[in-house]
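A.B. asks: Dropping a structure here in structure tokens format, bear with me for questions.
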């Protein structure tokens, strides 16, 4: 996904070369399975209009991160994000700008309500 966020469209071959450029094994099947899985999950799209298939990200980095965070929260804390945020705050894993952004998001419902 990082490759597709950084470059609008890539072929499977370009992705393979960027991921496994130094590998002696071809890794073609691995990349194909990965791309198919990401496509089935709706994270990327495949343009079949040319002789070669071009892959593009469908979801943004932020949306993908949110989905992964929700999945992690379901697995670790029964779906609650609060323990994860609490840990990040207590371990000082968030910088001042991130904390400020969270405060702003938390205050918005109060202003509307």
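The values are calculated or read from the model by the stated rules, or taken from the named source; none is laboratory data. Values in this document were obtained by computation on a predicted structure and should not be read as measured data. All Cβ positions, glycine included, derive from the backbone under ideal geometry; neighbour counts span all protein chains shown.
A.B. asks: State all residues of the stretch 89-98 that are closer than 19 Å to residue 69 by Cβ, modelled with pLDDT of 90 or more, assigned to a helix (DSSP H, G or I) and under 24 Å from the mean Cα position of the chain (by Cα); if no residue qualifies, say none.
C.D. replies: Correct list: 97, 98.
A.B. asks: Shifting gears a bit: Anything in the stretch 10-45 that is loosely packed, with under 15 Cβ neighbours inside 10 Å, under 21 Å from residue 62 (Cα atoms) and over 14 Å from the mean Cα position of the chain (by Cα)? List them, or say none.
C.D. replies: 40
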